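Working notes, beginning with the structure itself.
Where a number appears in this text, it was derived from the coordinates with a stated rule and is not lab data. What you see is a predicted model, and the numbers here were worked out from it, not measured in a lab. Heads up, the Cβs are rebuilt from the backbone with ideal geometry, glycines too, and the neighbour counts pull from every protein chain shown.
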Amino acid sequence: MRYLWVTLDLFTAFLEAKQIASDQTASLVAPLFETDSLMLEARDEFEFDLYLYPYGAKANRHLLETITRFSFEQGLIPRQIGFEEIFYAPSLEL
């Protein structure tokens, strides 16, 4: 592959964008907690982030393996596809 750096740069950019969005959400709801407009117990609902929508092959391995297994079992694909076949090898650790 000619431009291997693109994968890592895109992954990093998406993670940074996600962190910015998470920080902005936190700053928007902070006044609601400070003024007791929201109960402190609700704070957990706004601190979910990175595990709700995980990025990267490694974080989504189980989901992707399940999708390929179901696709094979339902006849949507002709054979069971291995996880390593889906992604370029260096990107498997992202």
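Below is a table of values for the structure above.
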item	result
Order of Glu65, Glu93 under a 10 Å beta carbon neighbour criterion, fewest first	Glu93, Glu65
Chain lengthening between Leu76 and Leu15 when straightened (0.36 nm per residue, less Cα-Cα)	18.8 nm
Dipole of the chain [Lys/Arg +1, Asp/Glu -1 at C-beta], most positive-end residue of Ala30, Gly56, Ala89	Ala89
DSSP loop chymotrypsin sites (Phe, Trp or Tyr not before Pro) with at most 12 other Cβ within 10 Å excluded, longest remaining stretch of the chain	4-47
For the chain: rounded, prolate or oblate by the Cα gyration tensor [a/c cutoff 1.5]	oblate
